[in-house]
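Participant: Quick one: the structure is below, and I'll ask about it shortly.
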Amino acid sequence: MNYLHVELPSLHLLWQREGCEDVVCSVIRTNYPKPSPLLVAAILRQVQGLEVQVIDMKIHNQETIIPYREFNFENGKIIASRMGMSFEKIEDQLKEADFLGLSINPTSWSNIALDFARFAKKVNPSLRIIIGGTEAIFRYDFYLKSGVIDFVIRGEGELVGPALITSLIHKQDYSGINGLAYIQNGQIVDTGITRNCDLDKEPLPAIDLLNGDIPLWNMPIEYFIDSDVKRPIMPLFITRGCNQSCDYCTTPRKYGRLRFKSLERLEKELQYFKSFGIESINIWDDSLSSLIKLGQRDLLIAYIRMIKAYGFPFEYAQGMVISDLWDKEKNEPDFVLISELYGHSTISGKFVGCYGHYTPVEFLQEENTTAINSKLLSFEKELEVIKAICRQDVKYLSFSCILGRATDGPNQVEFARKRLRRIKALVESFGVRILIAPYMYNIFPGTRLWTKEKDRLEYSIEEFPEMYQLNASPHGTNYFSPSELMQAKLDLEREFLGEERFKKWIQTGRYQW
Ligand code: B12
Ligand code: SF4
C-alpha cells in the first residue's frame, strides 16, 4: 500500500490598507528540510508492505501565489494565498496513495490544510487522511468535525503511527491505540496525548526520500546568509520537550518533560548527515540549555564539541534560555559555557562552530523582565551575556521582543524601543550583524494563555486561523486595537531593519540580514 506525506504550501498573507503600503504579514520560510515529513516518513516506512513518498509543496514553484480567501480587518483587508506547488500538480500521486499524512504545526495553516484535504478526497475518495503536529493535537475535534480528516495523531508519531497504519492495512481494530482521535458512530473518540518515546530509538530522518530537494536546502532560519556558511543546511533536534513552563508556549503540553538523545545517537546522526553532503546544522531544539537544570551541563558541552568535531558550522535557531548563560555563584556570565557554545575555529579554511544565535529576550517593555518570566535575566545582566556572546565572534545575532500583552501600550513600546537601541548599539560595536524581530504575543491552543486569556480574542480561531501566528494578531491590548498593535510592531521593524531591509521584509515576508 502507498503512503504519501505532503508538506503544505506556504501561507502568504497580504494586509492592504488605503493610503498605506501593502504588508506581507506571514513569515515565509521555504528552503529548508522539513523535519516533520522527514521523520514521519522514516517512522512509517518501518511498516511492512508500506511504500512511502514525500512531497514538499513549499520548496517548489515559489513563484506561484494562489489567493484562496480574503476578509476585512478593521479599516483594511487581508488576502490569504497559498504559495508553492498548486494542488493540481500532485493529483497523480494523490490518486495512487492509500494514505495521506499531513503535519499541521502552526494554526495559521488550518485553512490550507483543510482545503488540501478536501481536494485530495475529491480526486481520491478512498484515501484515508491522517494529520499530526501541534495544531492538530490540540484542535483534533475541529478537524474531525470537518468531515475530511479520518485520524488525528495526538502526540508522538513514533508511538502511534506504525500501530495505526498496520491495523488499517490488516483491517484490524485500532480502538486500543493511545494518542489517537477519530469519529466512530458519529461520536469523537479521543485516547489522549501520547508522549515520551525513546529518542535513541527514533529512525534517522528519511533524507533519501527528498534527495532531489537537497540542493535547495540553502536557507537557515532567517533568510539567506553569506556564502561563508556552507550549504546544504540540515536541522537537528537533540532533545524533545521542556522543563520550563512559559505561558505562551505549547511545548510543555505537547511533548512533556525534557528528554535527550545519547552522544552515540548524535554521532550516528551527524555521520548520516555527512553521507548526504550536509555542510551546516541548524539546531532546532526548543530549549537545549534547559539540560543545565537537569544537571546535564557537561553533556550539553559534549554535544556541541561533537558537532564541532564533525566539522559543522551551526546556528542555535530557537535560542537558549538566557538565564542559563548566567553563572549564579560568580554573579557574571558563564564565560566557560559561552565559549564552549558559541566559539568557533577555522579548520582547513572552513568555519567550524557557532555562526548564529537567536536570543529570546522577549519582554523588554517591562522594567523588571524577570517578574514576567523567570527564565529571563534583568536587562543589565542580559547585556552582559550578549556582550560575552559577541566576544566569541558569532556572525549573526537575532533578537525577539514580544508585544501584545493586555498591558502593552505606546509607553511600553517606547520603553522596548530604547532597550532595543542599546542592544543594537552593543552588538554592532563588535561588528556582529543583528536582526531584531518583534513578535506578537499570540494565544495558541495548548498553552496556559489559551486557558487564561481566550476572552481577549477578537478574531475567532475557527473563522480567522490565518491571524494566529507571530506576525499578525487576532487580539489587541488595553491600548491598541489588533491592527494598531500590528502597526506598532511594523514601526519598530522599520527603525531596526532600516528602510531598505524593511521594504524587502514587508514585500516578501522574508527577513533580510
Ligand atoms: C521547528 C519549528 C519551526 C521551523 C520549521 C517549521 C516547519 N514547518 O517545519 C520554523 C522556524 C520555520 C518555524 C516557523 C514558524 N513557527 Co514554528 N516551531 C517549530 C518547533 C520548534 C518544532 C516543530 C518541529 O518541526 N518538530 C519536529 C517534528 C518532527 O515534530 P512534529 O511536527 O510535532 O511531529 C511529531 C508528532 O507531532 C507526530 N506527527 C506530526 N505530523 C504527523 C503526521 C502523521 C501522519 C503522523 C503519523 C504523525 C505526525 O509525529 C512526529 C514525531 O513524533 C515547534 C515547537 C514544537 N516543539 O513543536 C514550533 C511551533 C510549531 N511553531 C509555531 C509557530 C507559531 C510558527 C510560525 C507561525 C511563527 C511565525 N513566525 O509566525 C512560523 C510558521 C512559518 C512556517 N513557514 O513554518 C508554534 C505553533 C503554534 C500554533 N498553534 O500555531 C509552535 C508550536 C511553537 C509555539 N509557539 O508553541 N517553526
Ligand atoms: S518558550 Fe522555550 S523555555 Fe519556554 S516553555 Fe517553551 S520551549 Fe520551554
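Quick grid of which residues meet (1) without any contact (Cβ under 8 Å) to a residue 60 or more places away in the chain; (2) in contact with a Ser or Thr (Cβ under 7 Å, 6 or more places away or on another chain):
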{"site": "Trp284", "(1), (2)": "no, no"}
{"site": "Leu299", "(1), (2)": "yes, no"}
{"site": "Lys308", "(1), (2)": "yes, no"}
{"site": "Pro313", "(1), (2)": "no, yes"}
{"site": "Tyr316", "(1), (2)": "yes, no"}
{"site": "Glu329", "(1), (2)": "yes, no"}
{"site": "Ser339", "(1), (2)": "yes, no"}
{"site": "Ser348", "(1), (2)": "yes, no"}
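Participant: Taking the stretch 125-170 only, how many residues are polar (S, T, N, Q) and without any contact (Cβ under 8 Å) to a residue 60 or more places away in the chain?
Facilitator: Total satisfying the criteria: 3.
Participant: Which residue out of Phe138, Phe87, Phe116 is under 19 Å from Ile193 (Cα atoms) and either under 20 Å from the mean Cα position of the chain (by Cα) or of a type in the set (A, V, I, L, M, F, W, C) (or both)?
Facilitator: After ruling out the rest, the residue left standing is Phe138.
Participant: So, one more: Tell me, please, whether a residue that is buried (at least 21 other Cβ atoms within 10 Å of the Cβ), outside any strand (DSSP E or B) and either not assigned by TED's automatic domain parsing to the domain that holds Leu114 or not charged (D, E, K, R) (or both) can be found in the stretch 10-22.
Facilitator: no
Participant: So, of the residues in the stretch 262-281 that are charged (D, E, K, R) and more than 16 Å from ligand 1 (Cβ to nearest atom), which turns out to be surrounded by the most Cβ atoms within 10 Å (Cβ to Cβ)?
Facilitator: Among them, the one singled out is Glu279.
Participant: Going by the structure shown, is Arg45 assigned by TED's automatic domain parsing to the domain that holds Phe99, within 30 Å of Gly157 (Cα to Cα) and of a type outside the set (A, V, I, L, M)?
Facilitator: yes
Participant: With the structure loaded, tell me whether Asp298 is acidic (Asp, Glu) and either under 21 Å from Ala206 (Cβ atoms) or not in a helix (DSSP H, G or I) (or both) or whether it fails that test.
Facilitator: The answer is no for Asp298.
Participant: Another question, if that's okay. If I filter the stretch 116-126 for residues that are touching a Ser or Thr at 6+ places or on another chain (Cβ under 9 Å) and under 26 Å from Phe444 (Cβ atoms), do I get at least one hit?
Facilitator: Scanning the stretch 116-126 turns up at least one residue that is touching a Ser or Thr at 6+ places or on another chain (Cβ under 9 Å) and under 26 Å from Phe444 (Cβ atoms).
Participant: Restrict the check to the stretch 359-377 and report whether at least one residue is touching a residue at least 12 places away in the same chain (Cβ under 8 Å), crowded, with 19+ Cβ neighbours inside 10 Å, under 23 Å from Tyr303 (Cβ atoms) and touching a strand residue (DSSP E or B) at 6+ places or on another chain (Cβ under 6 Å).
Facilitator: Yes; the residues of the stretch 359-377 include at least one that is touching a residue at least 12 places away in the same chain (Cβ under 8 Å), crowded, with 19+ Cβ neighbours inside 10 Å, under 23 Å from Tyr303 (Cβ atoms) and touching a strand residue (DSSP E or B) at 6+ places or on another chain (Cβ under 6 Å).
Participant: Do we find a residue being more than 16 Å from ligand 1 (Cβ to nearest atom) and either under 17 Å from the mean Cα position of the chain (by Cα) or assigned to a helix (DSSP H, G or I) (or both) anywhere in the stretch 282-294?
Facilitator: Yes: one or more hits.
Participant: Residues being under 12 Å from Ile130 (Cα atoms) and crowded, with 21+ Cβ neighbours inside 10 Å: count how many of those fall in the stretch 145-164.
Facilitator: Selection size over the stretch 145-164: 9.
Participant: Ok, one more. Taking Leu294 as the residue in question, decide whether it is in contact with a Ser or Thr (Cβ under 6 Å, 6 or more places away or on another chain) and under 26 Å from Gly155 (Cα atoms).
Facilitator: Spelling it out, it is not the case that Leu294 is in contact with a Ser or Thr (Cβ under 6 Å, 6 or more places away or on another chain) and under 26 Å from Gly155 (Cα atoms).
Participant: Which of the numbered conditions does Ser473 fail, given that it passes all the others? Conditions: (1) assigned to a loop (DSSP other than H, G, I, E, B); (2) surrounded by fewer than 20 Cβ atoms within 10 Å (Cβ to Cβ).
Facilitator: So the condition that Ser473 fails would be (2).
Participant: To continue, here is another question. Mind telling me which of the residues Glu88, Glu51 ends up being in contact with a strand residue (DSSP E or B) (Cβ under 7 Å, 6 or more places away or on another chain) and acidic (Asp, Glu)?
Facilitator: Glu51 is the lone residue from the list that is in contact with a strand residue (DSSP E or B) (Cβ under 7 Å, 6 or more places away or on another chain) and acidic (Asp, Glu).
Participant: Hey, can you tell me all the residues within the stretch 290-316 that are within 16 Å of ligand 2 (Cβ to nearest atom) and buried (at least 22 other Cβ atoms within 10 Å of the Cβ)?
Facilitator: Ser290, Leu291, Leu300, Tyr316
Participant: Something else about it: Do we have Ile207 as more than 16 Å from ligand 2 (Cβ to nearest atom) and buried (at least 21 other Cβ atoms within 10 Å of the Cβ) here?
Facilitator: Here the answer is yes, as Ile207 does meet what is asked.
Participant: Within the stretch 226-239, identify whether any single residue is within 16 Å of ligand 2 (Cβ to nearest atom), over 26 Å from Tyr511 (Cα atoms), modelled with pLDDT of 95 or more and not small (Gly, Ala, Ser), and answer yes or no.
Facilitator: yes
Participant: Restricting the search to the stretch 237-277, which residues are touching a Ser or Thr at 6+ places or on another chain (Cβ under 8 Å) and in a helix (DSSP H, G or I)?
Facilitator: Scanning the stretch 237-277 gives Thr251, Pro252, Arg253, Lys254.
Participant: Something else: Does the stretch 433-462 hold any residues that are more than 20 Å from Glu362 (Cα to Cα), more than 11 Å from ligand 1 (Cβ to nearest atom) and either polar (S, T, N, Q) or not in a helix (DSSP H, G or I) (or both), and which are they?
Facilitator: Hits for the stretch 433-462 are Thr451, Leu457, Glu458, Tyr459, Ser460, Glu462.
The values are calculated or read from the model by the stated rules, or taken from the named source; none is laboratory data. Since this is a predicted model, take the numbers as computed values, not measurements. Here the Cβ is made from the backbone with ideal geometry for all residues, glycine too, and neighbour counts use every protein chain on show.
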